[in-house]
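Have a look at the structure below before the remarks.
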Amino acid sequence: MTEPGFLRDTRASYDTMATGYAERFGDELAAKPVERAMLAGFAELVRAADLGPVADIGCGTGRVTAHLSGLEVPVFGVDLSPGMVEVARRTHPDLRFEVGSMLDLDLPDGSLSGLIAWYSIIHIPEERLPEVFAEFRRVLAPGGHLLLAFQVGEEPLHLAEAFGNAVSLDFHRRQPDHVAELLGQAGLTLRARLRRERDEDGEFPERTPQAFVLARKPVK
């Protein structure tokens, strides 16, 4: 089967900019108290459920993976980009990182206590999102939790340059209510949704508001 072009472009782009990305965003969570609060709540839920490990899908350089590990979550990372995984393994040698695609996860059915996709569904075209959410549901254990983070908006953003490198990346901005609806259609139950207004100043200014959606796979 021919690989979709958006996967090839996303992989190649992140391979190219992996080092620059790590240098720019390695300490971002220290400046994001709302994000840390969402991660802390997710960590508490998956620890209490104790249904298996947690997968950080689209883990990039492993910064969120490492943060969750520091919250005593048994977590590992998966990313499409071998370059990003290489940086993650080098930066966090005590943690497990694998190359893989969220469209076809190399994980058994019902094997995860939790799954987090932290700004990684942003590169998935709208028509493929139901497929991704169905895959997330497949690998979650009954009672397992899913946490998504993404930018809020209607129009996609295309980047042709990042950190001095030529790239081809589409960022799909989405509405929390629409994402919640798609999760419901995939058989996941909405637990919480939060929209945060954009940070306009500080070290990490943002173009758009940010959203966080928490869902759960039903026990029955």
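Please note which strands (runs of 3 or more DSSP E) are completely contained in the range 130-220 and include at least 2 residues that are modelled with pLDDT of 95 or more and either among the β-branched types (V, I, T) or closer than 16 Å to Y119 by Cα (or both).
Details: elements: 140-151, 157-162, 165-171, 189-196, 210-216.
Passing ranges, in order: 140-151, 189-196, 210-216.
Selection over the range 157-174 of residues that are closer than 18 Å to I122 by Cβ and either exposed (fewer than 15 other Cβ atoms within 10 Å of the Cβ) or among the basic types (K, R) (or both) gives a count of 8. The residues listed here are R47, R24, R11; of these, the one that is out of contact with any helix residue (DSSP H, G or I) (no Cβ under 7 Å at 6 or more places or on another chain) and within 18 Å of G100 (Cβ to Cβ) is R11. The sole residue among L95, L45, L115 that is in contact with a strand residue (DSSP E or B) (Cβ under 8 Å, 6 or more places away or on another chain) and either without any contact (Cβ under 8 Å) to a residue 60 or more places away in the chain or over 14 Å from L146 (Cα atoms) (or both) is L95.
Within the range 26-41, residues that are farther than 12 Å from G202 by Cβ reach partners that are charged (D, E, K, R) and assigned to a helix (DSSP H, G or I) with beta carbons closer than 8 Å, at six or more positions or on different chains, in the pairs G26/R63; L29/E35; L29/R36; L29/R63. Pairs linking a residue in the range 197-220 that is of a type in the set (S, T, Y) to a residue that is assigned to a loop (DSSP other than H, G, I, E, B) and surrounded by 10 or more Cβ atoms within 10 Å (Cβ to Cβ), with Cβ atoms under 9 Å and 6 or more positions apart or on different chains, are T208/G153; T208/R173; T208/R198. Pairing residues of the range 164-190 that are more than 27 Å from G143 (Cβ to Cβ) and touching a residue at least 24 places away in the same chain (Cβ under 8 Å) with residues that are buried (at least 18 other Cβ atoms within 10 Å of the Cβ) and among the polar types (S, T, N, Q), at Cβ distances under 7 Å and at least 6 apart in sequence or on separate chains, gives N165/T16; V167/S13; V167/T16; S168/S13; L169/T10; L169/S13; F171/Q151; R173/Q151. Candidates F97, F76: the one that is in contact with a Pro (Cβ under 7 Å, 6 or more places away or on another chain) and more than 23 Å from T189 (Cα to Cα) is F76.
Quick check: anything in the range 149-170 more than 18 Å from the chain's Cα centre (by Cα) and closer than 29 Å to G52 by Cα? Looking for residues that are more than 18 Å from the chain's Cα centre (by Cα) and closer than 29 Å to G52 by Cα, one finds none in the range 149-170, hence no. Only one of the listed residues (E131, E72, E86, E135) is surrounded by fewer than 18 Cβ atoms within 10 Å (Cβ to Cβ), in contact with a Leu (Cβ under 7 Å, 6 or more places away or on another chain) and in contact (Cβ under 8 Å) with a residue 12 or more places away in the chain. That residue is E131.
The values are calculated or read from the model by the stated rules, or taken from the named source; none is laboratory data. Just so you know, these numbers come straight off a predicted model, no measurement behind them. Backbone-built Cβ (ideal geometry, glycine too); neighbour counts: all protein chains shown.
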